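The values are calculated or read from the model by the stated rules, or taken from the named source; none is laboratory data. Please read these numbers as outputs of a predicted model, since none were measured by experiment. Here the Cβ is made from the backbone with ideal geometry for all residues, glycine too, and neighbour counts use every protein chain on show.
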Amino acid sequence: MTESPPVDVTCKCGNVVQIEKERTWCTKCGHVVYVDPKQQRRHKLNIWYLSVMFIGTVFFLVYVYLELIIRYTFIGD
Ligand SMILES: [Zn+2]
């Protein structure tokens, strides 16, 4: 890993934040501020992707659960 010098980045709220690594939190509004705006977009995409994966998993589990209930109901008869 290479150490990069601190960079001044202006947050969305207008506050200038000094970033020593690749990201930090704005001291004024608390938002995550990135040195590279592309990374901010990737961060958002990551959150979106994780949400979709999570919802997909929940739906799959509900489907399997219902499938089992239906199967047990038929066996019970
Ligand atoms: Zn801010």
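One line per residue, one yes/no per condition, for (1) in contact (Cβ under 8 Å) with a residue 40 or more places away in the chain; (2) within 16 Å of the ligand (Cβ to nearest atom); (3) under 15 Å from the mean Cα position of the chain (by Cα):
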site	(1), (2), (3)
Lys12	no, yes, no
Asn15	no, yes, no
Glu20	no, no, no
Cys26	no, yes, no
His31	no, yes, yes
Asp36	no, no, no
Gln39	no, no, yes
Ser51	no, no, yes
Val58	no, no, no
Filter segment 29-54 for residues that are at pLDDT 90 or above and of a type in the set (A, V, I, L, M); which is farthest from Cys13 (Cα to Cα)? Met53
It is to be established whether one or more residues within segment 10-19 are outside any helix (DSSP H, G or I) and on the phi > 0 side of the Ramachandran plot. yes
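From the list Val58, Val9, pick out the single residue that is β-branched (Val, Ile, Thr) and modelled with pLDDT under 95.
Val9
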